[in-house]
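Working notes, beginning with the structure itself.
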Amino acid sequence: MPTVDAQPGPFTFQPAETALLVIDMQRDFLLPGGFGESLGNDVAQLRRTIEPLAALMAAWRAAGLPIIHTREGHLPDLSDCPPAKLRRGPMIGQEGRFGKILIRGEYGHDIIDELQPAEGETVVDKPGKGAFHATELAGILDDGGIKSLVVTGVTTEVCVHTTVREANDRGYECLVLADCVGSYFPEFQRVGLQMIAAQGGIFGWVAESPAVIAALKE
Ligand code: C5J
């Protein structure tokens, strides 16, 4: 079985039972001039993930393995957005540079051009931070016989972390790729990754994408 050099120790996976999860690589979060940047964030901290993630996705597709993309966002009438989320994110649904912010169907809500899903790949739309909450993800993974997840995307401490914690509680083995996840805050990136692999891998494993690409060729 392919094995990846990881923290806190080697991560071994059965390719037929492993999916690549690409979380929220959306224009609203990543594009210069978009929602994320309008909040004062440095989008370069997220954009450094694009190149390694594109290479990983190409290798994953070449191996014939499943990729599942997620997008955070809401229905145009915001009926799926809890009032508490809206109170702390009043820009959701407002007109932004790339359309209504985090609203399904808007240009900014969609995945960046560089990482667009290929024909037949699954896209899960999620109203929350975690990819399991109020989505069909659990059923998709069950149907596909998936037991392990290679987790990538943004942001490390918010949607990636929430999803990994949800997945861990559901019994999935999660490998998070440090070069393919990003936070606007370097400190959160560092600590967020440490928290995953701490205490013998309390939430999962952490590695770099070239190690996974090499393992796919084993
Ligand atoms: C955030 C996300 N940070 N995808 N969303 O609000 O992490």
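Before moving on, here are some points about what is shown:
- Filtered by the rule that a residue be closer than 23 Å to Leu137 by Cβ and in a helix (DSSP H, G or I), region 163-196 gives Thr163, Val164, Arg165, Glu166, Ala167, Asn168, Asp169, Gly192, Leu193, Met195, Ile196.
- Any hit, region 7-24, residues being over 23 Å from Glu166 (Cα atoms) and not hydrophobic (A, V, I, L, M, F, W, C): no
- Note on region 126-162: residues that are more than 16 Å from the ligand (Cβ to nearest atom), of a type in the set (D, E, K, R) and assigned to a loop (DSSP other than H, G, I, E, B) amount to 2.
- Selected residue (criterion: least open to solvent (accessible area, probe 1.4 Å)) from residues of region 89-125 that are part of a helix (DSSP H, G or I) and under 21 Å from Arg61 (Cα atoms): Leu115
- The set of residues from region 201-218 being of a type outside the set (Asp, Glu) and over 14 Å from Cys174 (Cβ atoms) comprises Ser209, Pro210, Ala211, Ile213, Ala214, Ala215, Leu216, Lys217.
- If you go through region 6-42 and pick out every residue that is within 16 Å of the ligand (Cβ to nearest atom) and open to solvent by less than 10 Å² (accessible area, probe 1.4 Å), you end up with 10.
- Some residue of region 48-59 being crowded, with 20+ Cβ neighbours inside 10 Å and within 16 Å of the ligand (Cβ to nearest atom): yes
- Those helices (runs of 4 or more DSSP H) lying entirely in region 35-75 with at least 3 residues within 19 Å of Val181 (Cβ to Cβ) and in contact with a strand residue (DSSP E or B) (Cβ under 6 Å, 6 or more places away or on another chain): 50-62
- On the stretch given as region 192-217, residues that are open to solvent by 50 Å² or more (accessible area, probe 1.4 Å) and aliphatic (A, V, I, L, M) total 3.
- Residue-level check: of (1) out of contact with any helix residue (DSSP H, G or I) (no Cβ under 8 Å at 6 or more places or on another chain); (2) within 16 Å of the ligand (Cβ to nearest atom); (3) closer than 21 Å to Gly192 by Cα; (4) not polar (S, T, N, Q), Pro90 misses just (3).
- Check on Leu175, more than 16 Å from the ligand (Cβ to nearest atom), in contact with a Ser or Thr (Cβ under 8 Å, 6 or more places away or on another chain) and modelled with pLDDT of 95 or more: yes
- The residues in region 80-99 that are in contact with a His (Cβ under 9 Å, 6 or more places away or on another chain), closer than 15 Å to Phe29 by Cβ and without any contact (Cβ under 8 Å) to a residue 40 or more places away in the chain can be counted, and the count is 2.
The values are calculated or read from the model by the stated rules, or taken from the named source; none is laboratory data. If you're wondering where the values come from, they're calculated on a predicted model, not measured in any experiment. Please note: Cβ atoms are built from the backbone with ideal geometry, for glycine as well, and neighbour counts cover all protein chains shown. The accessibility values were calculated without ligands, DNA or RNA, using every heavy atom of the protein model including side chains. Shrake-Rupley method; radii C 1.70, N 1.55, O 1.52, S 1.80 Å.
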